[in-house]
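The block underneath contains the structure these notes are about, expressed in structure tokens.
The values are calculated or read from the model by the stated rules, or taken from the named source; none is laboratory data. Only a predicted model underlies this, so the values are computations on that prediction, with no experimental measurement involved. Heads up, the Cβs are rebuilt from the backbone with ideal geometry, glycines too, and the neighbour counts pull from every protein chain shown. Side chains are part of the model used for accessible areas, which takes the heavy atoms of the whole protein and leaves out ligands, DNA and RNA. Shrake-Rupley method; radii C 1.70, N 1.55, O 1.52, S 1.80 Å.
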Amino acid sequence: IAAIHNKAGAVVGFAKVVHDITERKKSERRLREQALILDMATDAVFIRDSEDRITYWNQGAEKLYGWNKVETLGHVTHTILKTQFPQPLGDINAELLTTGHWSGELIHTRRDDSLVNVASSWTLQRDESSKSTSVLEVNHDITARKQTEERLNVVVRRLGLATDALQAGIWDWDVRTNDIVWDERMYQIYGIPNGTPVDYG
């Protein structure tokens, strides 16, 4: 409210300016609702601005990485998480700007300095009114899966060394379908051309 004065300085009335903030309130409510939904996600979800500073950090990220929301806001995500990329970050950002999306596997460092492997998905968000950009990043913990894969690879390598040393062949037989698969050594042992169908029936 502003007072209106005459030439003598006396107040002769008041002016009131009213702004309709209905749409703004609706937008704020939608943002709060979206934030609540993101907080319910079990995966780590955060939003970073065009300079990679964290502007949103959900409860899933708190549980996975060990930092709470207050501690992370404003920090550069790749610095606080000590991100290890599968390719140069410049190449990743170029793909993100071109396609609006990037996905791959990353290695992050938790607050306790332990490492976590994540399947990461980035989505570029553009604000046409301000020309600014932000990135929604969703990270799913695949550490256990990667450890299992590594153990399996070790077993396979050891088996390969053992069969080489023994000059032994390996074969698989699916008794349900009667499908048989021989490795190259099995064909050599039996003097059969490589790839010839084998039937134990």
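Quick one: 3J(HN,Hα) in Hz for segment 152-159, Karplus 6.51/-1.76/1.60 with θ = phi - 60°, rounded, Gly and Pro as x.
Using θ = phi - 60°, the values come out as 5, 4, 5, 4, 5, 5, 5, 4 Hz.
What shape does segment 64-130 take by its C-alpha gyration tensor, where a ≥ b ≥ c are the square roots of the eigenvalues and a/c under 1.5 counts as rounded, a/b above b/c as prolate, and the rest as oblate?
The shape class here is oblate.
Remind me, what semi-axes does segment 87-201 give for its equivalent ellipsoid, largest first in whole Å, using sqrt of 5 times each Cα gyration tensor eigenvalue?
Sorted largest first and rounded, they come to 48, 19, 13 Å.
Using 7 Å Cα-to-Cβ label points, what is the E105/Q84 separation (nm, one decimal)?
1.1 nm
Is segment 153-201 rounded, prolate or oblate when judged by the Cα gyration tensor, a ≥ b ≥ c being the square roots of its eigenvalues, rounded requiring a/c under 1.5 and prolate requiring a/b larger than b/c?
In terms of gyration-tensor shape, oblate.
Any idea how far apart L73 and E95 come out in nm if each label point goes 7 Å out from Cα toward Cβ?
It works out to 3.2 nm between the two label points.
So, taking all protein chains as they sit and a 1.4 Å probe, how much accessible area belongs to F85, in Å² rounded to tens?
Approximately 60 Å² for this residue.
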